[in-house]
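The values are calculated or read from the model by the stated rules, or taken from the named source; none is laboratory data. This one's a predicted model, so the numbers in the text were calculated from it and none came from an experiment. Don't worry about glycine lacking a Cβ; one is built from the backbone with ideal geometry, like all the others, and counts go over all protein chains shown. Only protein heavy atoms, including side chains, enter the accessible area calculation; ligands, DNA and RNA are left aside. Shrake-Rupley method; radii C 1.70, N 1.55, O 1.52, S 1.80 Å.
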Amino acid sequence: MNNIEKFIKDQLSVWPLAAANFRAVKTAKYRYFNIGGLECGVQLNPCRITSSTAEIDEQSIKARKCFLCAENRPKEQFHIAYEGKKNRNYRIQINPYPVTKNHLVVVRREHIPQTIWHHFPDMLLFTRTYPEFAVFYNGPFSGASAPDHLHFQACPRGILPLQRAADEFLDTAKNPLAKVQDASLYKFNGFTRGVYVFKATTQKSMAKLFYRLLECSPRREGESEPRFNLFSWYKDGEFRTAVVLRSELRSHHYYAEGEEHLTMSPGAADMAGFFIAPREEDFNKITSEMLSKMVDEVSISAEDEAMVAWRLTRIQPKIDVGIMAAKEIVFEIISDGAGPQKVSWDGGRINYNGVLYDELTFDAITRSTLFAEPTFILHDMTIGIDFHWEQKVNRKFAGRLKFIVEGENIRAVNTIGLEDYLLSVISSEMRADAPLEFLKAHAIISRSWVLRNLKTHDGYDVCADDHCQRYQGLDTATGSNVRDAVDRTWGKVLTYDGQICDARYSKCCGGITEEFSTCWEDVDYPYLKSVPDTPEGGGDPFCDTEDVSILSTVLNDYDLKTMDFFHWTQSYTRSELSELVRRRTGIDFGEIQSLEPIERGPSGRIKYLKITGTKNSQIIGKELAIRRALSNSHLKSSDFEIEWDGDTIVLKGKGWGHGVGLCQIGAAVMACKSYTCEQILSHYYLGTEIKEATQYEK
């Protein structure tokens with residue numbers, strides 16, 4: 001007799017209630033049905049009525065004592081200890097209301113909420129320690145009657161129909177849906193939608209693949225984990241697991257009246273084909289059709305199942321981002337715990353801990369299917385270079401960190417998956433919790449832009465500032481909206497005539513967008529025509545808003561400091577202007593006499609500007625050169641009128657940025673007015689289509 005069997009025997013000898021219920025299970029009535037190809041049983045078990053009807057809303061849980069805490073359990077109940085990974089301590093107890101013989105509950109000693117994160121390895125260890133048992137887990141919204149106290153359950157291996165079927169399948173399974181070293185994940189096509197089975201030779205590899213599945217599974221807003229039931233066991237030196245993803249706690253039968261009513265709340269046992277009917281009336285009237293309908297209603301949808309498969313198997317190309325350059329760079333590698341370290345430029349090489357390198361790499365393994373976690377930190381990274389909000393910050397990044405020599409500086413280069421890159425770009429350009437349809441549109445155009453404009457720098461693909469796209473780390477990528485936006489548009493790009501668009505964007509167009517040739521090369525694209533930023537049929541421009549409730553959900557804090565983005569004014573005295581232009585252009589015009597627009601684009605932005613002074617007269621352009629010449633950082637736009645008031649010049653302008661393509665503030669306002677991602681993109685990019693980029697094809 002092993003220690004578990006002795007524990008059960010000793011416990012039942014002193015606890016009459018539990019002993020009676022354990023005896024009743026031995027003589028329980030059963031009915032059998034085939035559900036989705038799985039031979040299932042329905043057990044009549046009146047003692048489970050409390051569990052089946054348990055209310056798990058926050059108010060109900062607060063109103064009762066936790067029956068899994070040691071101080072609240074019956075005086076007859078005792079336990080034996082079980083230690084999981086990393087000194088996580090549990091109590092092994094019998095379930096006084098069993099559904100099988102030797103039914104156990106393994107309870108975390110501390111009162112913490114039901115969650116699988118970090119605790120799955122403890123379940124696996126239990127199965128290896130007690131291989132005669134299979135363990136199962138009810139998520140907090142998937143059958144757990146005590147979602148406030150972490151626990152899992154155990155029953156003899158081989159009792160649950162799904163576990164038996166999974167064993168048979170895994171013995172000969174081929175072509176896994178996903179795999180890591182020492183572990184494979186398969187789609188189990190039977191019983192219901194959303195059933196996945198695993199096998200692994202190590203706990204670590206099983207846990208890694210299991211958590212990957214969870215990360216790919218649908219999760220409701222505000223819930224800590226996807227809805228699922230979990231089963232694990234150990235067979236012939238191999239860890240095995242089955243997961244059933246689900247959408248609902250109960251089917252309509254629970255709430256129905258009359259013949260449709262069933263007092264059944266499917267938990268893990270039920271979702272493994274071992275159904276529990278606490279009422280004899282339900283036990284007698286239930287049919288295979290009713291059971292099939294019940295399982296169908298609580299399982300994930302076919303659309304969500306397809307999404308899970310896509311997330312598990314999709315890919316993302318990698319790009320190199322040049323983040324920052326300096327004589328000395330302070331950094332941290334998060335996993336090694338060594339704290340801040342530094343590299344410095346030393347005679348054209350990289351000095352790291354007194355050793356010189358031509359190139360220095362700190363590698364990181366990140367999955368191509370999912371969003372990566374931060375792997376390193378850069379200190380004193382300058383963001384907003386040459387803009388009024390320029391500042392130094394510490395930022396976390398995912399992926400590989402590489403240092404290269406760039407002239408007389410060291411350049412930090414980040415090798416990162418393109419979708420992980422976008423997660424940072426979107427939340428750096430705008431707030432991570434901005435309207436979802438706006439963020440989806442932004443994800444598509446940012447992805448399009450980078451794929452169209454790779455290799456814009458020597459030594460890396462793109463830089464991390466406004467010259468390319470803002471890439472300021474993962475610190476601001478909080479909340480679900482930005483992740484949902486990238487996830488739902490994964491691999492999608494904007495195309496015109498089969499080619500990826502050069503999808504430009506700026507903060508505020510000022511009421512009408514600009515053409516490409518006003519700002520860059522003398523070419524124009526059909527999809528970047530100048531368009532009014534107004535609703536179809538006319539009206540006020542979308543971007544002409546002072547609604548702080550909208551702007552505060554769109555603009556990052558440093559951008560909110562600039563609220564005069566639609567109409568703005570900039571003034572200089574003649575002497576201030578003359579000195580500014582000399583310093584910014586490197587040309588000594590003498591005392592500035594006049595500024596004369598030579599050519600404007602359709603939005604009103606000045607393409608070429610003639611500057612006349614007492615010593616010199618020249619035409620400068622295009623749009624960005626004009627903005628740089630007339631500001632200590634960047635003038636908000638080149639769409640301005642010029643007025644002289646004595647010796648003071650007043651520039652009265654509109655918009656913020658070059659104005660080509662999508663207007664970020666206008667697009668955000670559109671999303672707040674219930675425009676979809678597709679409508680937003682078709683408004684700013686004429687004649688375009690959304691397609692999957694060939695770089696993502698397997």
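Mind counting the residues in the range 34-50 that are open to solvent by less than 70 Å² (accessible area, probe 1.4 Å) and farther than 15 Å from Thr100 by Cα? Number of matching residues: 5. Any chance the range 505-521 includes a residue that's at pLDDT 95 or above, open to solvent by 50 Å² or more (accessible area, probe 1.4 Å), under 30 Å from Ile416 (Cβ atoms) and not in a loop (DSSP other than H, G, I, E, B)? No, every residue in the range 505-521 fails to be at pLDDT 95 or above, open to solvent by 50 Å² or more (accessible area, probe 1.4 Å), under 30 Å from Ile416 (Cβ atoms) and not in a loop (DSSP other than H, G, I, E, B). Counting only strands (runs of 3 or more DSSP E) that sit completely within the range 329-430, those holding 1 or more residues that are of a type in the set (Lys, Arg) and at pLDDT 90 or above correspond to 341-346, 349-352, 391-397, 400-406, 409-417. So which residues in the range 473-504 are touching a residue at least 60 places away in the same chain (Cβ under 8 Å), under 27 Å from Thr694 (Cβ atoms) and open to solvent by 40 Å² or more (accessible area, probe 1.4 Å)? Matches in the range 473-504: Arg483, Lys492, Tyr496.
For the range 102-118, how many residues meet the condition of being touching a helix residue (DSSP H, G or I) at 6+ places or on another chain (Cβ under 9 Å), modelled with pLDDT of 95 or more and open to solvent by 10 Å² or more (accessible area, probe 1.4 Å)? Going through the range 102-118 one residue at a time, the tally reaches 3. The single residue among Gln93, Gln77 that is over 40 Å from the mean Cα position of the chain (by Cα) and at pLDDT 95 or above turns out to be Gln77.
Considering only the range 586-698, give the helices (runs of 4 or more DSSP H) lying wholly within it that have at least 2 residues that are closer than 28 Å to Lys440 by Cβ and modelled with pLDDT under 95. Break it down stepwise before answering.
Details: elements: 623-629, 664-672, 677-684.
Those helices (runs of 4 or more DSSP H) span 664-672.
Just one residue in the set Ile649, Ile626 is under 19 Å from Thr573 (Cα atoms), touching a residue at least 40 places away in the same chain (Cβ under 8 Å) and touching a strand residue (DSSP E or B) at 6+ places or on another chain (Cβ under 6 Å); that residue is Ile649. Residue count for the range 309-328, restricted to those that are in a helix (DSSP H, G or I) and out of contact with any helix residue (DSSP H, G or I) (no Cβ under 8 Å at 6 or more places or on another chain): 3. Looking only at residues in the range 643-664 that are open to solvent by 10 Å² or more (accessible area, probe 1.4 Å) and hydrophobic (A, V, I, L, M, F, W, C), the one that is nearest to the chain's Cα centre (by Cα) is Trp656. Pairs linking a residue in the range 92-113 that is closer than 16 Å to Phe231 by Cβ to a residue that is assigned to a loop (DSSP other than H, G, I, E, B) and open to solvent by 20 Å² or more (accessible area, probe 1.4 Å), with Cβ atoms under 6 Å and 6 or more positions apart or on different chains, are Thr100/Ile159. Looking at Lys440, Lys455, which is the one that is more than 25 Å from Gln391 (Cα to Cα) and in a loop (DSSP other than H, G, I, E, B)? Being more than 25 Å from Gln391 (Cα to Cα) and in a loop (DSSP other than H, G, I, E, B) holds for just one of Lys440, Lys455, which is Lys455.
Kindly establish whether Pro147 is closer than 22 Å to Phe274 by Cβ, in a loop (DSSP other than H, G, I, E, B), touching a Phe, Trp or Tyr at 6+ places or on another chain (Cβ under 9 Å) and open to solvent by 10 Å² or more (accessible area, probe 1.4 Å). When the stated conditions are applied, Pro147 passes them. Restricting the first member to the range 56-85 and to residues that are open to solvent by 90 Å² or more (accessible area, probe 1.4 Å), and the second to residues that are assigned to a loop (DSSP other than H, G, I, E, B) and not charged (D, E, K, R), the beta-carbon pairs closer than 7 Å and six or more apart or on different chains are Phe67/Ala146.
Taking the condition over 21 Å from Gly604 (Cβ atoms) and either of a type in the set (Phe, Trp, Tyr) or over 30 Å from the mean Cα position of the chain (by Cα) (or both), does Glu515 pass?
On the way: over 21 Å from Gly604 (Cβ atoms): no; either of a type in the set (Phe, Trp, Tyr) or over 30 Å from the mean Cα position of the chain (by Cα) (or both): yes.
Taking the combined requirement at face value, the residue does not satisfy it.
Would you check if Arg31 is outside any loop (DSSP other than H, G, I, E, B), at pLDDT 95 or above and open to solvent by 60 Å² or more (accessible area, probe 1.4 Å)? Walk me through how you get there before you give the answer.
Working: outside any loop (DSSP other than H, G, I, E, B): yes; at pLDDT 95 or above: yes; open to solvent by 60 Å² or more (accessible area, probe 1.4 Å): yes.
Yes: the conditions hold for Arg31.
Filtered by the rule that a residue be more than 20 Å from Tyr421 (Cβ to Cβ) and open to solvent by 30 Å² or more (accessible area, probe 1.4 Å), the range 312-331 gives Thr313, Lys327, Glu328, Val330.
The condition (being closer than 30 Å to Ala63 by Cβ and basic (Lys, Arg)) is satisfied by just one residue among Arg128, Arg109, Arg164: Arg109.
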